[in-house]
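Everything on this sheet refers to the single structure shown next.
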Amino acid sequence: MNPSETAALGERLEAVRGRLAGAARIAGRKPEDVRLIAVSKLHPVEAILAAYGFGQRVFGENYVQEALAKQEALPDLDVEWHCIGHVQTNKAKDVTGRFALIHTVDNLKFAETLARRLPEDIPVQRVLLQVNIGNEPQKAGVDEHDLPALAEAVLALPRLEVRGLMCLPPFFDDGEAARPYFARLRELRDDLEARLGIKLPELSMGMSGDCVQAVEEGATLVRVGTDIFGPRPVKS
Ligand SMILES: *Cc1c(COP(=O)(O)O)cnc(C)c1O
């Protein structure tokens with residue numbers, strides 16, 4: 001990246017931070033209660049380093065091999081890596097213990113494998129349960145009707161800590177259209193907390209096009225890629 005590309009990235013990052021802080025204030029929330037995950041999938045390590053230079057410390061990746069390669073390339077960087085992509089159960093062993101948070105637990109078999117294959121020296125793996133909030137057949141996520149049973153089963157596993165819920169609503173050009181889905185995820189979280197007598201502090205929701213609405217509806221983790229890094233190269 002040349003200096004002007006780096007400067008432009010810094011400006012875009014600052015603009016996203018401003019939008020999130022504004023949305024938090026509108027909702028009567030504290031800006032620091034919303035964490036921005038910079039989604040760096042398909043962007044090179046140089047882009048991660050540039051964002052790091054502007055103070056970004058949390059990065060989200062979707063593809064297992066790419067994510068692990070970037071971690072290996074940046075071993076001493078003081079950052080938190082989040083796994084936000086769908087992971088096949090046979091790759092659970094590759095991700096467990098390697099991410100501060102795995103957002104995409106949507107079935108028990110995957111959760112069991114994460115727990116069983118967690119390296120001995122890592123006490124717990126934090127996870128979110130991904131809900132298929134728009135009931136879209138092509139999307140990952142547990143059906144909302146199956147969520148309570150999945151939550152109970154995952155909570156019973158050793159060494160996994162369920163921190164909350166994640167969703168990826170249907171795509172709309174207008175972020176306002178995603179708002180009811182975000183409100184629904186929060187409602188599902190509140191119901192689960194009451195039903196199971198637990199705390200689920202995290203709601204991972206909102207992307208470039210709808211992060212403002214997500215924050216207004218209670219997001220604690222927003223996953224923004226394009227608005228920080230620009231358009232993504234096509235996956236080969
Ligand atoms: C790619 C991706 C994002 C970021 O999307 P943008 O529209 O580029 O901000 C967020 N969440 C998930 C799960 C993604 O796969």
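The values are calculated or read from the model by the stated rules, or taken from the named source; none is laboratory data. Here the structure is a predicted model, which is why all the values come from computation and not from measurement. For neighbour counting, all protein chains shown are included, and Cβ atoms are generated from backbone atoms with ideal geometry for every residue, glycine included. Quick note on the areas: whole protein, heavy atoms, side chains included, nothing else; ligands and nucleic acids left out. Shrake-Rupley method; radii C 1.70, N 1.55, O 1.52, S 1.80 Å.
The H on the amide N of residue 133, modeled in the peptide plane, is under 5 Å from the matching H of 168, each at least 5 residues off or on a different chain.
Backbone amide hydrogens, once placed in the peptide plane, bring residue 58 within less than 5 Å of 38, 80, excluding anything fewer than 5 places away on its chain.
Computed over protein heavy atoms with a 1.4 Å probe, the carbon and sulfur contribution to the accessible area of the stretch 67-175 reaches 48%. Here the label points at residue 6 and residue 126, each 7 Å from Cα along the C-beta direction, are separated by 3.0 nm in the simple model. In order along the stretch 84-90, phi translates into HN-Hα couplings of 10, x, 5, 10, 6, 4, 6 Hz, rounded to whole numbers, per the Karplus curve 6.51 cos²θ - 1.76 cosθ + 1.60 with θ = phi - 60° and x for Gly and Pro. Between residue 91 and residue 57, the contour length at 0.36 nm per residue exceeds the Cα-Cα span by 9.7 nm. Per-residue ellipticity at 222 nm computed for the chain from its helices equals -11500 deg cm²/dmol, with DSSP H segments shorter than 4 residues left out and the rest contributing -39,500 (n - 2.57). Note on residue 135 and residue 236: the model spin-label points, each 7 Å out from Cα along the C-beta direction, lie 4.2 nm apart.
Label sites at residue 194 and residue 80, each approximated as a point 7 angstrom past Cα along Cα to Cβ, lie 2.9 nm apart.
Here's how it looks for residue 104: its modeled amide H is under 5 Å from those of 128, which are all 5 or more places away or on a different chain. Taking all protein chains as they are arranged and a probe of 1.4 Å, the heavy atoms of residue 204 leave approximately 0 Å² accessible to solvent. Shown for the stretch 13-136 is the translational diffusion coefficient from the Stokes-Einstein equation, using the Kirkwood radius over Cα pairs, a temperature of 20 °C and a viscosity of 1.002 mPa s: 135 µm²/s. Per residue, the chain exposes 47 Å² of accessible surface when a 1.4 Å probe is rolled over the protein heavy atoms with every protein chain present. The 1.4 Å probe gives accessible areas that order 86, 145, largest first, as 145, 86. Enclosing the Cα atoms of the chain in their convex hull gives a volume equal to 129 cubic angstrom per residue. The listed residues 93, 235, 70 rank as 235, 93, 70 when sorted by accessible area, largest first, using a 1.4 Å probe. For the options 28, 209, 225, a Gaussian network treatment of the chain with springs between C-alpha atoms closer than 10 Å singles out 28 as fluctuating the most.
For residue 91, the lysines whose Cα comes closer than 29 Å to its Cα, not counting residues fewer than 8 places off in the same chain, are 41, 70, 109, 139, 199, 235. Rounded to whole numbers, the Karplus 3J(HN,Hα) couplings from phi for the stretch 138-144 are 7, 9, 6, x, 7, 4, 4 Hz, using 6.51 cos²θ - 1.76 cosθ + 1.60 with θ = phi - 60°, and x at Gly and Pro.
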